[in-house]
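Beneath this line is the structure, given in structure tokens, with notes to follow.
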């Protein structure tokens with residue numbers, strides 16, 4: 001994206017220079033939020049973020065470092081989509097991986113990139129964080145290794161639903177040029193409202209359209 | 001003229017889709033429509049009733065649900081899925097076909113007499129190939145399987161094959177993965 005001949009958009013230029021572990025992501029986050037950027041800049045910015053995501057996927061970084069980098073990458077993706085994310089923070093006694101706002105609703109974000117599926121206990125713990133927030137706050141739990149078989153069901157019975165689950169296929173679509181985290185969130189919120197399902201993947205939604 | 005069959009599959013992921021559709025393509029009559037919904041993982045099995053409804057609304061002749069048993073008991077998982085479906089009014093036209101312990105055991109059945117006793121078949125498959133298998137590998141392996149040998153060695157595959165074979169005959173009550181007759185046969 002060029003602002004003039006040979007000029008590169010400051011956003012695109014800065015994204016190209018992202019540190020491998022995204023330790024400079026807060027500076028870029030401020031840049032993304034600093035003004036309105038054009039469609040082309042968003043598109044090219046997303047391509048650059050997707051390249052980082054792919055590099056993370058095939059790389060051999062230790063799990064913890066991969067998890068931190070992923071958290072930052074997600075934050076930048078949400079910022080590009082105009083979801084006004086706040087990066088991870090530590091209120092007293094707990095860790096919150098992120099927070100964002102969409103269409104007047106508030107969302108807590110938990111992101112995990114670990115070896116094993118997330119057990120029900122992790123979802124319960126996250127639910128505890130969400131329950132302690134303003135009524136109507138929704139939790140979005142992202143796990144690149146998926147969820148234990150009993151996890152979503154355990155959260156569902158007899159309780160208010162306030163958690164949505166994202167897996168690796170959802171995130172792959174979120175980083176795809178033709179899709180967005182917001183579009184995926186829309187599908188999940190609809191199916192959670194319609195069917196009471198907190199784990200309804202975007203892939204499943206697309207497959208159903210082809211029946 | 002008879003309408004071509006329409007068969008739906010509910011599976012966990014892409015590699016499962018490739019395998020079941022390739023095998024179904026070899027078994028079912030030419031011209032059958034095959035559509036697969038990938039639900040992401042076993043964690044979504046509790047909600048497949050809505051997908052079965054969707055297949056029914058689209059006039060599919062049968063739906064087969066295929067998932068890995070992993071370390072869990074095949075019969076208890078089958079029963080759980082069946083009960084979930086029955087709770088939502090679904091009692092026929094669906095076959096529950098868990099792969100024991102993983103679908104990759106079916107693909108390895110040509111190399112061992114007892115594929116269902118393999119620990120971590122997915123990992124074993126990668127070791128056998130010397131790399132992580134990709135979509136083309138799954139498609140090729142499913143296409144080259146000797147169905148008779150695999151059915152002899154893997155009870156869960158045999159049940160899947162029987163379910164496919166009974167499609168097109170009159171539908172019957174919902175059964176477990178190892179019926180005495182095909183799950184889509186009228187008793």
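Among the residues of segment B:3-12 satisfying the criterion of being over 12 Å from the mean Cα position of the chain (by Cα) and touching a residue at least 24 places away in the same chain (Cβ under 8 Å), which is farthest from residue A:208 (Cα to Cα)?
Selected residue: B:4.
Could you tell me which of the residues B:54, B:44 is in a helix (DSSP H, G or I), surrounded by 23 or more Cβ atoms within 10 Å (Cβ to Cβ) and either within 12 Å of chain A (Cβ to nearest Cβ) or touching a helix residue (DSSP H, G or I) at 6+ places or on another chain (Cβ under 8 Å) (or both)?
B:44
Could you please let me know if residue A:88 is away from every other protein chain (no Cβ under 14 Å), at pLDDT below 95 and not in a loop (DSSP other than H, G, I, E, B)?
Yes.
Run residue B:21 past the list (1) free of Cβ contacts under 8 Å to residues at least 40 places away in the same chain; (2) more than 10 Å from chain A (Cβ to nearest Cβ); (3) over 27 Å from residue B:136 (Cα atoms) and report the number of the one that doesn't hold.
(3)
I'm told residue A:154 meets every condition in (1) in a helix (DSSP H, G or I); (2) within 11 Å of another protein chain (Cβ to nearest Cβ); (3) within 19 Å of the chain's Cα centre (by Cα) except one. Can you identify the failing condition by its number?
Only one criterion in (1) in a helix (DSSP H, G or I); (2) within 11 Å of another protein chain (Cβ to nearest Cβ); (3) within 19 Å of the chain's Cα centre (by Cα) is unmet by residue A:154, namely (3).
Residue check: is residue B:3 touching a strand residue (DSSP E or B) at 6+ places or on another chain (Cβ under 6 Å), surrounded by fewer than 20 Cβ atoms within 10 Å (Cβ to Cβ) and more than 10 Å from chain A (Cβ to nearest Cβ)?
no
Check whether at least one residue in segment B:123-134 is free of Cβ contacts under 8 Å to residues at least 60 places away in the same chain and within 13 Å of the chain's Cα centre (by Cα), and report yes or no.
No, there is no match, as no residue in segment B:123-134 is free of Cβ contacts under 8 Å to residues at least 60 places away in the same chain and within 13 Å of the chain's Cα centre (by Cα).
Residues that are under 15 Å from residue B:26 (Cβ atoms) and part of a loop (DSSP other than H, G, I, E, B): does segment B:111-131 have at least one?
Taking every residue of segment B:111-131 in turn, none turns out to be under 15 Å from residue B:26 (Cβ atoms) and part of a loop (DSSP other than H, G, I, E, B).
Considering only residues that are touching a helix residue (DSSP H, G or I) at 6+ places or on another chain (Cβ under 9 Å), at the interface with chain A (Cβ under 9 Å from one of its Cβ atoms) and either over 20 Å from residue B:164 (Cα atoms) or in a helix (DSSP H, G or I) (or both), which ones fall in segment B:25-41?
B:39, B:40
Residue-wise test of (1) within 14 Å of another protein chain (Cβ to nearest Cβ); (2) surrounded by fewer than 19 Cβ atoms within 10 Å (Cβ to Cβ).
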residue	(1), (2)
A:101	no, yes
A:107	no, no
A:114	no, yes
A:118	yes, no
A:125	no, yes
A:129	no, yes
A:145	yes, yes
A:163	yes, no
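Looking only at segment A:174-211, how many residues end up being in a helix (DSSP H, G or I), at pLDDT 95 or above and within 7 Å of chain B (Cβ to nearest Cβ)?
4
The values are calculated or read from the model by the stated rules, or taken from the named source; none is laboratory data. The shown structure was predicted, so the numbers you read here are calculated from the model rather than taken from an experiment. Cβ atoms come from the backbone with ideal geometry, glycine included; neighbour counts cover every protein chain shown.
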